[in-house]
Amino acid sequence: MTVPFWQAKSLAEMTREEWESLCDGCAKCCLHKLEDEDSGEVFYTRVACRYLDHSACRCTQYARRTQLVPNCVNLQPGDIAAFHWLPDTCAYRLIAAGQPLPSWHHLLCGSPEGVHRAAVSVRGRVLSEQYVHPDGMKEHIVHWVE
């Protein structure tokens, strides 16, 4: 019986293809976040990057995302400890902590729709940053991320 790569390898040992396949497609990393300067607490908003396809929960400009959005998330295996703001359900965070993937994860259930059926993704719950003034982000803080 073969052990799945995410159980057999550390994040740093994964190939680029394996690393990319861990993404569950929730698109929560594409939401604007606010950080309390005093406490360091991170608050998610329902405001998504302009390049997020809200239905598919995928970036429409993935290959060029860091050029188009300089502060776009570019997760790397060695940086995972710095991404404390990732949701508790994020596969990168779970694997780094030695936790199992959730049953709805596409690598287990076999369908990219699993994350949406489990109501873990942002599908149907966000609006584009194009419609929100930067000073109005606080008005869009959500508590459904975790």
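The values are calculated or read from the model by the stated rules, or taken from the named source; none is laboratory data. In this text the structure is predicted, and so the values were computed from the model without any measurement. Glycine also receives a Cβ, built like all others from the backbone with ideal geometry; neighbour counts cover every protein chain displayed.
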Q | Filter result (surrounded by 15 or more Cβ atoms within 10 Å (Cβ to Cβ) and closer than 18 Å to ARG16 by Cα) within segment 79-93 | A | ILE80, CYS90, ALA91, TYR92, ARG93
Q) Does segment 55-67 contain at least one residue that is touching a residue at least 40 places away in the same chain (Cβ under 8 Å) and surrounded by 16 or more Cβ atoms within 10 Å (Cβ to Cβ)? A) yes
**Q.** Failed condition for GLN76, given (1) under 23 Å from TRP6 (Cα atoms); (2) crowded, with 17+ Cβ neighbours inside 10 Å; (3) under 14 Å from the mean Cα position of the chain (by Cα)
**A.** (2)
Q | Search result, residues across segment 1-45 that are within 30 Å of HIS140 (Cβ to Cβ) and acidic (Asp, Glu) | A | GLU20, ASP24, GLU35, ASP36, GLU37, ASP38, GLU41
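Got a sec? Which of VAL73, VAL145 is in contact with a Cys (Cβ under 6 Å, 6 or more places away or on another chain), under 18 Å from PHE43 (Cβ atoms) and modelled with pLDDT under 95? Walk me through it before giving the result.
Working: VAL145 fails: in contact with a Cys (Cβ under 6 Å, 6 or more places away or on another chain).
The match here is VAL73.
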Q) Among the residues of segment 99-119, is there at least one that is surrounded by 12 or more Cβ atoms within 10 Å (Cβ to Cβ), under 13 Å from CYS29 (Cα atoms) and of a type in the set (Phe, Trp, Tyr)? A) no
Q: Spot the failing condition for SER39; the list is (1) of a type in the set (Ser, Thr, Tyr); (2) farther than 26 Å from LEU107 by Cα; (3) surrounded by fewer than 11 Cβ atoms within 10 Å (Cβ to Cβ); (4) touching a residue at least 12 places away in the same chain (Cβ under 8 Å), and only one is missed.
A: (4)
Q.
Anything in segment 1-59 that is in contact with a Pro (Cβ under 9 Å, 6 or more places away or on another chain) and β-branched (Val, Ile, Thr)? List them, or say none.
A. none
Q) Can you name every residue in segment 34-52 that is part of a strand (DSSP E or B) and hydrophobic (A, V, I, L, M, F, W, C)? A) LEU34, VAL42, PHE43, VAL47, ALA48, LEU52
Q) Looking at segment 21-31, is at least one residue surrounded by 14 or more Cβ atoms within 10 Å (Cβ to Cβ) and in a strand (DSSP E or B)? A) yes
Q. Condition test on SER55, is it touching a Lys or Arg at 6+ places or on another chain (Cβ under 7 Å) and of a type in the set (Gly, Ala, Ser)?
A. yes
